[in-house]
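Worksheet for the structure shown next.
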Amino acid sequence: MNEGNAFNTEPDVLLIGAGIMSATLGMLIKQLEPSWTITIVEKLDGAATESSDAWNNAGTGHSAFCELNYTPEKQDGTIDTTKAVKIAASFEESKQFWSYLVEHNIINPPSSFIHPIPHCSFVWGEKNVDFLRKRHSALTKCHLFKGMQFSDDPQEIEKWMPLVMDGRENGPVAATKMDLGTDVNFGSLTRCLFDCLKKDKTVSLHFNQDVTDLRKRAGKWEVKVKDEISGEKRTVRSSFVFIGAGGGSLPLLLKSDLPEGKGFGGFPVSGQWLRCINEEVIQQHHAKVYGLADVGAPPMSVPHLDTRWIKGKQELLFGPYAGFTTKFLKKGSILDLFKSIKFSNIKAMLGAGYHNLPLTKYLIDQVRLTPDARVDALKAYYPAARKEDWELAIAGYRVQVIKKDEEEGGVLEFGTEVVSAADGSMAALLGASPGASTAVSIMLGLLKKCFPQKASSDAWQAKFSEMIPSYGLSLGSDADLLKKVRTWTSGVLDLPNLEQTATAG
Ligand SMILES: Cc1cc2nc3c(=O)[nH]c(=O)nc-3n(C[C@H](O)[C@H](O)[C@H](O)COP(=O)(O)OP(=O)(O)OC[C@H]3O[C@@H](n4cnc5c(N)ncnc54)[C@H](O)[C@@H]3O)c2cc1C
């Protein structure tokens, strides 16, 4: 199906997949080089139908305000805030780019994709309370986390999260709360970006187009595309290709025979939520409340009780319950994992598999959870929860990156990885964490890697700074700069302005 302009089979840029990553890269390129032609091909019948859809992810604007796995406790008992600072600064870059797009009427209104919502952490038990106190103290030394509140007073915590305290037995509890947290509808944002892109005569966007193969010939990538409806086959020739196919990126990277992609493997993890269907309960919660992951659980299964805004309506989700799967995409095939095993990655896959047997067992056990066991997990966060108020929903899938390792053969990683050709002609995005929230930083890094000369040119540098005023500067070490950009983004995106509160106070 053609969306607007005719199919351009000789574009300057080919984007594979219509999720948030391709949308972000496409929009950045359109701002930097308006004359470049872009073709976007998507296997499914619409944009943002896999991980980027609102119901398939948690919609947390990851800023490390509430995610306890971003601040591990070191062996000496101190808290490592390095990852938290990096993620918080990355999300500030996303907010700046989105503010630029809102001001240029590319996305409007901001409430179509972003809502303020307090980001809270909640723990129980002496040891965890002590951890949270130390975490709060370590984080609030950095201006990125100024305004974060800590409490171990059950009455105060009840005001922040009444459902969490409803029916809870006495015992030590603690929570933190950051009012600058956000819920982001990445699906809405993605669709909005593509709607805007496809209006440009240099962009052609096509759904139901499955990329089946890709090869480099005579200095260009030749990409085979099959129309899922008509069966028509096309070859798209482009000097730059981005594989932004989410879970489908690894199989395409392996097919491309790119030397830099050799040895990579994938470990898929499925996800499920409990979705609240009782309006009265939904209205009683106004926060994203993150806890600690179970021992042996992967970081993406950190439980959270989340207020969401989807299609203009407030919702309440609990989860995710991560599970074992062999599919790489929600609408993928059960053969995906087996088909991804190649001579080049078998050692890494077996090594990572062998060293992660307890994780695999955990994920298989999670798939087998009974409805009562799922509600028991919810009751740890909402003790008065009733089974009849919740229904099971299927979330998106994530393919965790497996990389070669000298000692173990292969290691499993939980972050994202941009794999790019040495000549900059191709890049693929693997992995899914922290994910959509950091799409802007990831794509800025990709542009620098793939277009080094352009990226250091005066023209691109000036445009980067116009779109993202903190570009090239450190938000983690420059408090005045942070104040300036937060005042701007909070004003444009209708978020609380903590900077103003701090000054006034
Ligand atoms: C359960 C869960 C919770 C999450 N929570 C959060 C969160 O709270 N905050 C956050 O920031 N991130 C979160 N994420 C991560 C976030 O959803 C992803 O990082 C992000 O959506 C990935 O975007 P993408 O564009 O790479 O992939 P996708 O949105 O999956 O898009 C890839 C597209 O490529 C298409 N495709 C695949 N193969 C082909 C092919 N061969 N040819 C053509 N098209 C193809 C697919 O159909 C799909 O539309 C979560 C993810 C999951 C699964």
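The values are calculated or read from the model by the stated rules, or taken from the named source; none is laboratory data. From a predicted model like this one, the values you see are computed outputs, not experimental measurements. Heads up, the Cβs are rebuilt from the backbone with ideal geometry, glycines too, and the neighbour counts pull from every protein chain shown. For accessibility, only protein heavy atoms count, side chains too; no ligands or nucleic acids. Shrake-Rupley method; radii C 1.70, N 1.55, O 1.52, S 1.80 Å.
Just to make sure I understand: if all protein chains stay in place, what is the order of ARG386, ARG275 by accessible area at 1.4 Å, largest first?
Numbers: ARG386 110, ARG275 65 Å².
The most accessible residue leads, giving ARG386, ARG275.
Would you mind checking the pairs LYS342/LYS404; LYS95/LYS463; LYS199/LYS463; LYS199/LYS233; LYS449/LYS484; LYS288/LYS330 and listing those with alpha carbons more than 19 angstrom apart? Numbers along the way, then the final one.
Details: LYS342/LYS404 13 Å; LYS95/LYS463 16 Å; LYS199/LYS463 22 Å; LYS199/LYS233 25 Å; LYS449/LYS484 29 Å; LYS288/LYS330 25 Å.
From LYS342/LYS404; LYS95/LYS463; LYS199/LYS463; LYS199/LYS233; LYS449/LYS484; LYS288/LYS330, over 19 Å: LYS199/LYS463; LYS199/LYS233; LYS449/LYS484; LYS288/LYS330.
Let me have the 222 nm mean residue ellipticity of the chain computed from DSSP H runs of 4+ only, each contributing -39500 (n - 2.57), with the sum over all residues rounded to the nearest 500.
Details: 17 runs with 168 residues, N = 505.
One gets -9500 deg cm²/dmol as the mean residue ellipticity at 222 nm.
Give me the extension gain from ASP12 to ASN170: residue separation times 0.36 nm, minus the current Cα-Cα distance, reported in nm with one decimal. Before the final figure, lay out each step's value.
Details: separation 158, 0.36 × 158 = 56.88 nm, distance 6.30 nm.
In short, 50.6 nm is gained.
Using R₀ = 35 Å, calculate the FRET efficiency as 1/(1 + (r/R₀)^6) where r is the Cβ-Cβ separation of GLU103 and ALA293; round to 0.05. Show your work: numbers first, answer last.
Details: r = 39 Å, r/R0 = 1.10.
Efficiency, rounded to the nearest 0.05: 0.35.
Per residue of region 37-48, in order, report the coupling 6.51 cos²θ - 1.76 cosθ + 1.60 (Karplus, θ = phi - 60°) as ³J(HN,Hα) in whole Hz, putting x for Gly and Pro.
Here the 3J(HN,Hα) series is 8, 10, 10, 10, 10, 10, 5, 8, 8, x, 7, 6 Hz.
For region 353-490, what class follows from the C-alpha gyration tensor (a ≥ b ≥ c being the square roots of its eigenvalues): rounded when a/c is under 1.5, otherwise prolate if a/b is larger than b/c, else oblate? Intermediate values should be presented prior to the final figure.
Numbers: a/c = 2.99, a/b = 1.53, b/c = 1.95.
Verdict is oblate for region 353-490.
Quick check: at a probe of 1.4 Å, how many percent of the accessible area of the chain sits on carbon and sulfur atoms? Don't jump to the answer; show the numbers that get you there.
Numbers: 10950 of 20900 Å².
Within the chain, the accessible surface is 52 percent carbon and sulfur.
Among the GluC sites (Glu not before Pro) in region 134-216, which ones are in a DSSP loop with at most 11 other Cβ atoms within 10 Å of the Cβ? Mind listing them? The partial results should precede the final answer.
On the way: sites: GLU156, GLU158, GLU169; in loops: GLU169.
The qualifying sites are GLU169.
So, in Å, what gap is there between the alpha-carbon centers of region 268-328 and region 33-61?
What the calculation gives is 22 Å, centre to centre.
With every protein chain left in place, what is the accessible area per residue of the chain in square angstrom, probe 1.4 Å?
Working: 20900 Å² over 505 residues.
With the other protein chains kept in place, the chain gives 41 Å² per residue.
Using each residue's phi in region 403-410, evaluate 6.51 cos²θ - 1.76 cosθ + 1.60 at θ = phi - 60° and report the 3J(HN,Hα) Karplus result to the nearest Hz, with x for Gly and Pro.
10, 4, 9, 4, 7, 9, x, x
Using a Förster distance of 35 Å, how high is the FRET efficiency between LYS262 and LEU357, based on the Cβ-Cβ distance and rounded to 0.05?
Working: r = 25 Å, r/R0 = 0.72.
For LYS262 and LEU357, the calculated efficiency is 0.85.
In region 6-66, if the dipole is taken from +1 on Lys/Arg beta carbons and -1 on Asp/Glu beta carbons about the Cα centre, which of ILE40, GLY17, GLY59 is farthest to the positive end?
Of ILE40, GLY17, GLY59, it is GLY59.
D for region 1-131, whole µm²/s, Stokes-Einstein with Kirkwood Rh over alpha-carbon pairs at 10 °C and 1.306 mPa s: what number? Let's see the in-between values first.
Working: Rh = 18.1 Å.
Diffusion coefficient, whole number: 88 µm²/s.
Considering the alpha-carbon set of the chain alone, what are its Rg and its Dmax in angstrom?
22.5, 71
From the backbone phi of region 152-168, what are the Karplus-calculated ³J(HN,Hα) couplings (6.51 cos²θ - 1.76 cosθ + 1.60, θ = phi - 60°) in whole Hz, Gly and Pro given as x?
Coupling constants for region 152-168: 10, 9, x, 5, 5, 4, 4, 5, 6, 8, x, 5, 5, 9, 5, x, 6 Hz.
Calculated FRET efficiency, SER111 and ALA479, Cβ-Cβ r, R0 35 Å, to nearest 0.05? Write out the running numbers ahead of the final one.
Numbers: r = 29 Å, r/R0 = 0.83.
E between SER111 and ALA479, to the nearest 0.05, is 0.75.
Of LEU350, HIS104, HIS304, which is farthest along the charge dipole of the chain in the positive direction, counting Lys and Arg as +1 and Asp and Glu as -1 at C-beta?
Value: LEU350.
In terms of the Cα gyration tensor, with a ≥ b ≥ c the square roots of its eigenvalues, is region 382-423 rounded because a/c is under 1.5, prolate because a/b exceeds b/c, or oblate? Mind showing how you got there, number by number?
On the way: a/c = 4.75, a/b = 2.56, b/c = 1.85.
Verdict is prolate for region 382-423.
In region 174-245, what GluC sites (Glu not before Pro) fall in a loop by DSSP, with at most 12 other Cβ atoms inside 10 Å? Provide the component values of the computation, followed by the final result.
Working: sites: GLU222, GLU228, GLU232; in loops: GLU228, GLU232.
Taking region 174-245 and a limit of 12 other Cβ atoms within 10 Å, the loop GluC sites (Glu not before Pro) found are GLU232.
How about region 136-229: which trypsin sites (Lys or Arg not before Pro) there lie in a loop by DSSP and see at most 13 other Cβ atoms within 10 Å?
Values: sites: LYS141, LYS146, LYS159, ARG168, LYS177, ARG191, LYS198, LYS199, LYS201, ARG215, LYS216, ARG217, LYS220, LYS224, LYS226; in loops: LYS141, LYS146, ARG168, LYS199, LYS201.
Sparse-neighbourhood loop trypsin sites (Lys or Arg not before Pro): LYS141, LYS199, LYS201.
Could you tell me, in Å, what Rg and Dmax come out for the Cα atoms of region 439-505?
14.5, 46
Rounded, prolate or oblate: which one fits region 177-243, using the alpha carbon gyration tensor with axes a ≥ b ≥ c (rounded when a/c is under 1.5, else prolate when a/b beats b/c, else oblate)?
Values: a/c = 2.43, a/b = 2.05, b/c = 1.18.
Prolate shape, in that a/c is at least 1.5 and a/b is the bigger ratio.
About its Cα centre, what dipole magnitude does the chain give when the only charges are +1 on Lys and Arg Cβ and -1 on Asp and Glu Cβ, stated in debye to the nearest 20? Display every interim value, and only then the final one.
On the way: 57 positive and 60 negative charges, 245 e Å.
With Lys and Arg at +1 and Asp and Glu at -1, about 1180 debye.
Round to a whole angstrom and tell me the spacing of the C-alpha centers of region 165-182 and region 339-403.
Cα centroid to Cα centroid, the span is 26 Å.
About the Cα centre of region 156-315, what is the dipole size in debye to 20, counting +1 per Lys and Arg Cβ and -1 per Asp and Glu Cβ, all else neutral? Mind showing how you got there, number by number?
Values: 23 positive and 21 negative charges, 248 e Å.
That gives a dipole near 1200 debye.
Pick out the long, greasy-scoring helices in the chain: whole DSSP H runs spanning 30 Å or more along their own axis by Cα, mean Kyte-Doolittle at least -0.5. Walk me through the intermediate numbers first.
Numbers: long enough: 82-103 (32 Å, -0.15).
Helix filter hits for the chain: 82-103.
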